Amino acid sequence: MHSVTRPLIAPSVLAADFARLGEEVQAVARAGADWIHLDVMDGHFVPNISFGPQVVKALRPYSTLPFDVHLMIEPADPYLEAFAKAGADHILIHIEAGPHAHRSLQHIRALGAKPGIVLCPATPPEAVSEILDMVDVILVMSVNPGFGGQKFLSSQLPKIRRLREMITATGRDIRLAVDGGIDPKTAPLAVEAGADVLIAGSAIYAQPDYAAAIDALRSPVTA
Ligand code: DX5
Ligand code: ZN
């Protein structure tokens, strides 16, 4: 079984106050965040629009934490360089967002960023089996992408378990992240299934005390 350790916490600024984004990034960094999760939406791959590379660039001076940039855009290829130049440390693309994930992941690596692959709820774990040697992050969506504040889909837990087995079999150091509906109740389910990064928007930014909210996501787990 996957040995349960302290998960990394990546607040999603999608749930932050967009009029004060810089301060909101600093605030979660001070509150103990490990990564900053940035959700990029195009109104085409997902039915919502958020922000683009200029915002990532504008936020870059506000924190030295890794910027985990989740691209919910189709196509992604024309924008990869802009996100790398904007200061993205991890660039995650959806396996569903085009036929050439292999090429996109190569491109992300060549740009000097860490490549990641994301799976929507309807996508089986085997969809990424041929590209495991190319990624540093695998992200399981536990809601349909596009909006914060949705209910965690526990149907995704077997997929997390399976991906953890697949990662272990590679012997490579690949982070397994879960995104959507993570709160103090669902966080331990995701971690027990094998996740080691928890992405959370509302469970952090909708709370009055960000440090307490981040601790509450970690606390059910003892190393
Ligand atoms: C959804 C985004 C998530 C979102 C999570 O498409 O990928 O990162 O911000 O929000 P919560 O934690 O509120 O479900
Ligand atoms: Zn996300």
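The values are calculated or read from the model by the stated rules, or taken from the named source; none is laboratory data. Predicted model, so just to flag it, every value in this text is computed and none were measured. Positions of Cβ are backbone-derived with ideal geometry, glycine not excepted, and every protein chain shown enters the neighbour counts. Just so you know, the surface numbers come from the protein's heavy atoms only, side chains and all, with ligands and any DNA or RNA stripped out. Shrake-Rupley method; radii C 1.70, N 1.55, O 1.52, S 1.80 Å.
Looking only at region 141-162, count every residue that is farther than 13 Å from Cys120 by Cβ and hydroxyl-bearing (Ser, Thr, Tyr) and tell me the total.
Counting residues in region 141-162 that are farther than 13 Å from Cys120 by Cβ and hydroxyl-bearing (Ser, Thr, Tyr) gives 1.
Out of (1) of a type outside the set (A, V, I, L, M, F, W, C); (2) open to solvent by 10 Å² or more (accessible area, probe 1.4 Å); (3) under 26 Å from Ser50 (Cα atoms), what's the single condition that is false for Gly146?
Answer for Gly146: the failing condition is (2).
Do you know which residues across region 194-218 are without any contact (Cβ under 8 Å) to a residue 40 or more places away in the chain, over 21 Å from Val69 (Cα atoms) and in a helix (DSSP H, G or I)?
If the condition is that a residue be without any contact (Cβ under 8 Å) to a residue 40 or more places away in the chain, over 21 Å from Val69 (Cα atoms) and in a helix (DSSP H, G or I), then Ala212, Ala216 are the ones that fit.
Looking for something within 16 Å of ligand 2 (Cβ to nearest atom), farther than 21 Å from Asp136 by Cβ and open to solvent by 40 Å² or more (accessible area, probe 1.4 Å) - is there at least one such residue anywhere in region 60-81?
Among the residues of region 60-81, at least one is within 16 Å of ligand 2 (Cβ to nearest atom), farther than 21 Å from Asp136 by Cβ and open to solvent by 40 Å² or more (accessible area, probe 1.4 Å), which makes the answer yes.
Just to be sure before I move on: is Val135 modelled with pLDDT of 95 or more, of a type in the set (A, V, I, L, M, F, W, C), within 21 Å of Ala187 (Cα to Cα) and buried (at least 23 other Cβ atoms within 10 Å of the Cβ) in the structure I sent?
No: the conditions fail for Val135.
Among the residues that make up region 12-24, is at least one of them out of contact with any Asp or Glu (no Cβ under 9 Å at 6 or more places or on another chain), free of Cβ contacts under 8 Å to residues at least 24 places away in the same chain and surrounded by fewer than 20 Cβ atoms within 10 Å (Cβ to Cβ)?
yes
With the structure loaded, tell me whether Leu71 is within 13 Å of ligand 1 (Cβ to nearest atom), in contact with a strand residue (DSSP E or B) (Cβ under 8 Å, 6 or more places away or on another chain), touching a residue at least 12 places away in the same chain (Cβ under 8 Å) and closer than 23 Å to Glu23 by Cα or whether it fails that test.
Considered against the rule, which asks whether it is within 13 Å of ligand 1 (Cβ to nearest atom), in contact with a strand residue (DSSP E or B) (Cβ under 8 Å, 6 or more places away or on another chain), touching a residue at least 12 places away in the same chain (Cβ under 8 Å) and closer than 23 Å to Glu23 by Cα, Leu71 comes out as yes.
Looking at Arg175, Arg164, Arg109, can you tell me which residue is touching a residue at least 60 places away in the same chain (Cβ under 8 Å) and more than 16 Å from ligand 2 (Cβ to nearest atom)?
After ruling out the rest, the residue left standing is Arg164.
Residues to consider are Ser154, Ser202; find the one that is within 14 Å of ligand 2 (Cβ to nearest atom), surrounded by fewer than 22 Cβ atoms within 10 Å (Cβ to Cβ) and at pLDDT 95 or above.
Residue meeting the stated conditions: Ser202.
When you check Gly181 against the structure, is it buried (at least 18 other Cβ atoms within 10 Å of the Cβ), assigned to a loop (DSSP other than H, G, I, E, B) and within 13 Å of ligand 1 (Cβ to nearest atom), yes or no?
Yes.
Considering only region 129-151, how many residues are more than 10 Å from ligand 2 (Cβ to nearest atom), aliphatic (A, V, I, L, M) and outside any loop (DSSP other than H, G, I, E, B)?
6
Between residues in region 33-54 that are within 9 Å of Gly146 (Cβ to Cβ) and residues that are open to solvent by less than 30 Å² (accessible area, probe 1.4 Å) and of a type in the set (Phe, Trp, Tyr), which pairs lie under 6 Å by C-beta distance while being six or more apart or on different chains?
none
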